[in-house]
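We did not get these values from a lab; they are worked out from the coordinates using the rules stated. Being a predicted model, the structure only gives us computed values, none of them experimental. Every residue, glycine as well, gets a Cβ built from its backbone with ideal geometry; the counts of neighbours run over all protein chains shown.
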Amino acid sequence: MALAEPESTTRRRAPRVDAIRNREAIVEAAAEALAEQGTAVDVREIARRSGVGMGTLYRHFPKKEDLVHTVLRKDFSGWAESARQAAIDAEDPWAALTDFYQQALTGYARHRAIMENFALTWSVPDLEGIQQLRLIIEELCARATGLLRPGVTTDDLLLLLVSLGHAVQLTDECRPQMWNRLLRISLDGLRADHREPLPADASPDTHRSNPEQKPR
């Protein structure tokens, strides 16, 4: 017959209420600070905003990278879900595509840390959250069949989001509506009435299979 663990042992293993509260306060303060100041924010500023000491912060997050990763994973997922919901709420397939980009880039412009790290979604395709975005874009592609110009792929639309994200980063402070103009121009180029064939995708595999091929 198994003996029950002493009550003191069970109590010691369970997270204390104040420890849970402190962790939540740290994550909330870090999310706010990262959105405002980006990943360069000082952890002392996060501790000050959360109302805990540095020792408490480091007990929960021994490295700053741990805290940044936790916050970005949560905020990135929330940001992607918000964009997905905007697309779902639009009954018209083209409006759904437009609203997705509009919502995604508006949220992106408001979160400096996501802005700094978003380019990694293309160069590091296993970054948490990128699969979530890819699935959303695949759904939008399927809904917009017949409205998109021939040859447009999920990768095209995903890379367009990354590229426009760079435009937000470059122009948001000095010309905050510039990215919105570029979005409209880009979406117009995706319409099915543009029938010109798209250039072939020069993938790395193509170059490796033709190592001696010279550019024309």
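Data table
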read-out: Per-residue ³J(HN,Hα) for segment 68-74, Karplus 6.51 cos²θ - 1.76 cosθ + 1.60, θ = phi - 60°, Hz, x for Gly and Pro; value: 4, 4, 4, 5, 5, 4, 5
read-out: Net charge dipole size for segment 27-103 [Lys, Arg +1 and Asp, Glu -1 on Cβ; Debye, nearest 20]; value: 640 debye
read-out: R0 of 41 Å, Cβ-Cβ distance Glu36-Arg16: FRET efficiency to nearest 0.05; value: 0.85
read-out: Long-range HN-HN contacts of Arg191 with modeled amide H, under 5 Å; value: Arg149
read-out: 3J(HN,Hα) from dihedral phi, segment 167-180, Karplus parametrisation 6.51/-1.76/1.60, rounded to Hz, x for glycine, proline; value: 5, 4, 4, 6, 10, 4, 7, 8, 9, x, 9, 4, 5, 5
read-out: Formal net charge of residues neighbouring Phe100 (Cβ-Cβ distance under 15 Å; K, R +1; D, E -1); value: -4
read-out: Debye intensity ratio I(q)/I(0), log10, segment 22-70, q values 0.13, 0.20, 0.28, 0.29 Å⁻¹ (C-alpha model); value: -0.21, -0.52, -1.10, -1.19
read-out: Chain lengthening between Gln132 and Met54 when straightened (0.36 nm per residue, less Cα-Cα); value: 24.7 nm
